[in-house]
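Report on the following structure.
The numbers here are math on the coordinates, done by the rules we state, and not lab data. The structure displayed is predicted, hence computed values, not measured ones.
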Amino acid sequence: MVILVEFDGHKWSVSPDPAIVQIGTPIQWRFRTQGAPVSAIDWTVYFDQGSPFGKQSRVIVTSVGQIVSGVHFNHTDTTSAVVANQAGDFKYGVRAEDARTGQQLGDDDPRLIVLA
């Protein structure tokens, strides 16, 4: 399953939310931003209250943007696949940070439901 995360610098869209998968399903997050005010974004998917991936609780991807118009950038990147191996209803976080300064650009909290 691919979970699409879109962020325009202000508003988040995560699809599907909640994402519902069976145990054993590989999951990837695809990040997309249009018109971002920074040239590189650190994307983080994190699980603070338990993870369906065992010890793999964080996935981080850095995406380098392409100049679109003078000062705005597009970003797109996809995580490696991780396999959900624990059933449950997991609230997780998705965070975007300026890769150069570490300043947080935004954070959202979608859900992932893993069925046995």
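Amide H contacts for Leu105 (H built 1.01 Å from N in the peptide plane; partners 5 or more residues away or on another chain; cut-off under 5 Å): Ala96, Glu97, Asp98.
Residues whose amide H lies under 5 Å from that of Ile41, counting only those 5 or more places away or on a different chain, are Ser63, Gly65, Ala99; hydrogens are built 1.01 Å from N in the peptide plane. Close amide H contacts of Leu4 (hydrogens built in the peptide plane, cut-off under 5 Å, sequence separation of 5 or more or a different chain): Ser15, Arg30.
In order along segment 11-26, phi translates into HN-Hα couplings of 10, 9, 9, 10, 9, x, 8, x, 8, 10, 9, 8, 3, x, 7, x Hz, rounded to whole numbers, per the Karplus curve 6.51 cos²θ - 1.76 cosθ + 1.60 with θ = phi - 60° and x for Gly and Pro. Cα-based radius of gyration for the chain, normalised by 2.2 N^0.38 Å, reads 1.07.
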